[in-house]
Amino acid sequence: MAFNLEEQEQLATINDWWRKYGSLVTWVVIIALAGYAGWGGWKYYQNSQAAQASQLYEELQKAVGAKDNAKVQRATADMQQKFSGTAYAEMAGMTAAKAAFDANDLNGAKTQLQWVIDHGQQEEYKTIAKIRLAGILLDQNAYDEGLKVLSGDVTPEFAGAVADRKGDILVAQNKLDEARVAYQFAIDKTTQGGPGRQLIQIKLDAIGGAPARAAA
């Protein structure tokens, strides 16, 4: 009997608490479940986007293999329109830029590289795109525009490559003192024994060697 009375008292306490706070708890649970469902839905959406983008990227690679630049550009535009939030969009932009360059479509290459610079989410892709775009602008004698592309902060691992490209542009402008400084900086930032270091040294030697302040 005592057990039953105690049980009834517990139930009464619970009922009283529920009358006071039950509505709040219900809403907390609903919000939590909705948040979990939303997160699950978002993850499903991301996975679905990545899977579709992967399939489209495979088609793009087939077009690259067939040297069909027009199809590469169409597939890339489709990728960037539908799946701009995936890494595949950046990869497609870089691939399409190379395909356009190989097809002597320099405007197409510039457009794709600029897209990666403007919309890319990974600094590695964006920096490589800047270096390649500056190289095209160098070939087109658009020196000031090329230097502008290379301006701004650079991640440490690409500092040498960016300085090297700046040196190339400065040489083309016959600004040899500035070019020597850029090349020396590129050498300093390039790993000892790195594949590009020797080439940078050759270019530096060709315009008179280390800058005065570095030699001092």
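The values are calculated or read from the model by the stated rules, or taken from the named source; none is laboratory data. Keep in mind that what you see is a predicted model, and the values were worked out from it rather than measured. Glycine also receives a Cβ, built like all others from the backbone with ideal geometry; neighbour counts cover every protein chain displayed.
When the residues of region 174-195 are narrowed to those that are closer than 18 Å to residue 131 by Cβ and at pLDDT below 85, which ends up surrounded by the most Cβ atoms within 10 Å (Cβ to Cβ)?
194
Specify which of the listed residues (145, 178, 124, 157) is within 19 Å of residue 98 (Cβ to Cβ) and assigned to a helix (DSSP H, G or I).
Every option except 124 fails the conditions.
Could you identify the single residue in 140, 184, 173 that is within 30 Å of residue 103 (Cβ to Cβ), in contact with a helix residue (DSSP H, G or I) (Cβ under 6 Å, 6 or more places away or on another chain) and of a type in the set (S, T, N, Q)?
After applying the criteria, what remains is 173.
For residue 90, state whether it is among the acidic types (Asp, Glu) and buried (at least 19 other Cβ atoms within 10 Å of the Cβ).
yes
Out of the residues in region 150-173 that are in contact (Cβ under 8 Å) with a residue 12 or more places away in the chain and polar (S, T, N, Q), which is surrounded by the fewest Cβ atoms within 10 Å (Cβ to Cβ)?
155
Got a sec? Which of 110, 98, 130 is surrounded by fewer than 19 Cβ atoms within 10 Å (Cβ to Cβ), basic (Lys, Arg), within 27 Å of residue 71 (Cβ to Cβ) and modelled with pLDDT of 90 or more?
Of the residues listed, the single one that is surrounded by fewer than 19 Cβ atoms within 10 Å (Cβ to Cβ), basic (Lys, Arg), within 27 Å of residue 71 (Cβ to Cβ) and modelled with pLDDT of 90 or more is 98.
Which numbered condition trips up residue 198, out of (1) surrounded by 16 or more Cβ atoms within 10 Å (Cβ to Cβ); (2) assigned to a helix (DSSP H, G or I)?
(1)
Can you tell me how many residues within region 161-178 are more than 24 Å from residue 118 (Cβ to Cβ) and touching a Lys or Arg at 6+ places or on another chain (Cβ under 8 Å)?
Selection size over region 161-178: 2.
Any residue in region 181-210 that's of a type outside the set (D, E, K, R): show its pairings with residues that are in a loop (DSSP other than H, G, I, E, B) and at pLDDT 90 or above at Cβ separation under 8 Å, as long as the two are six or more apart or on different chains.
Between residues of region 181-210 that are of a type outside the set (D, E, K, R) and residues that are in a loop (DSSP other than H, G, I, E, B) and at pLDDT 90 or above, the close pairs are 183/207.
Considering each of 116, 149 in turn, give the residue that is β-branched (Val, Ile, Thr), touching a helix residue (DSSP H, G or I) at 6+ places or on another chain (Cβ under 7 Å) and modelled with pLDDT of 95 or more.
Unique residue meeting the criteria: 149.
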